[in-house]
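The values are calculated or read from the model by the stated rules, or taken from the named source; none is laboratory data. For clarity, every value in this text was computed on a predicted model and none was experimentally measured. Neighbour counts run over all protein chains shown; Cβ positions are idealised from the backbone, glycine included.
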Amino acid sequence: MFKLSEIKELIKLLDQTSSVHELEIESEGMKLAIRKPDRSEAAEVQAVPTAPYPYPFTPAPQAPVSQPSVQSAPAAAPQESAPAPAEGNLHKIVSPMVGTFYTSASPDSPAFVSEGDKVTEKSTVCIIEAMKLMNELEAEVRGEIVSILAENGQLVEYGQPLFLVKPE
């Protein structure tokens, strides 16, 4: 269940940004959707039951840290500069949440995967940090990493493609 103080803080953070207009979070069978209103609309906040969230959830701290400078960075730039492989038979690994994309567990550690690496369904490919929680993302399929579509430290959105994998 979402705490009122967390919802108020998320609304405040969303209101302070110009690049993010919508936020969806799923937790413990509930889905929270917050959208910036048009100037003529009232703010919309919804909390609806959903299927269980596929990743472990740890309650967020009381006061999340605002990251407005990160949010103003263009999210699509790495996708535009990366060569576009034929996506017909490739599996997309997408971000399950809004957060910061990291290629390794720490700045000194090697990247979990690189282009050309073989992965299994349980291989960790990256970490998504959301509200100071580090969430490991697994490959979901057995295959070869064809392309990494996000840059280390980049803010990613819910459903944004992060990797292209050629299934075996």
Point to revise | segment 115-168, residues that are among the hydroxyl-bearing types (Ser, Thr, Tyr) and under 30 Å from ILE34 (Cα atoms) | key: THR124, TYR158
Exercise for review: Evaluate segment 158-167: report whether one residue or more is at positive phi, in contact (Cβ under 8 Å) with a residue 40 or more places away in the chain, part of a loop (DSSP other than H, G, I, E, B) and assigned by TED's automatic domain parsing to the domain that holds ILE93.
Suggested key: yes
**Study point:** Restricting segment 145-159 to residues that are of a type outside the set (A, V, I, L, M) and within 18 Å of PRO110 (Cα to Cα), the residue that is nearest to the chain's Cα centre (by Cα)
**Key:** GLN154
Check your understanding: If a residue has to be part of a strand (DSSP E or B), under 18 Å from PRO167 (Cβ atoms) and out of contact with any Leu (no Cβ under 9 Å at 6 or more places or on another chain) to count, how many in segment 114-155 make the cut?
Key -> 4
Check your understanding: For segment 118-128, what are the residues that are buried (at least 16 other Cβ atoms within 10 Å of the Cβ) and either out of contact with any strand residue (DSSP E or B) (no Cβ under 8 Å at 6 or more places or on another chain) or in contact (Cβ under 8 Å) with a residue 24 or more places away in the chain (or both)?
Key -> VAL119, VAL125, CYS126, ILE127, ILE128
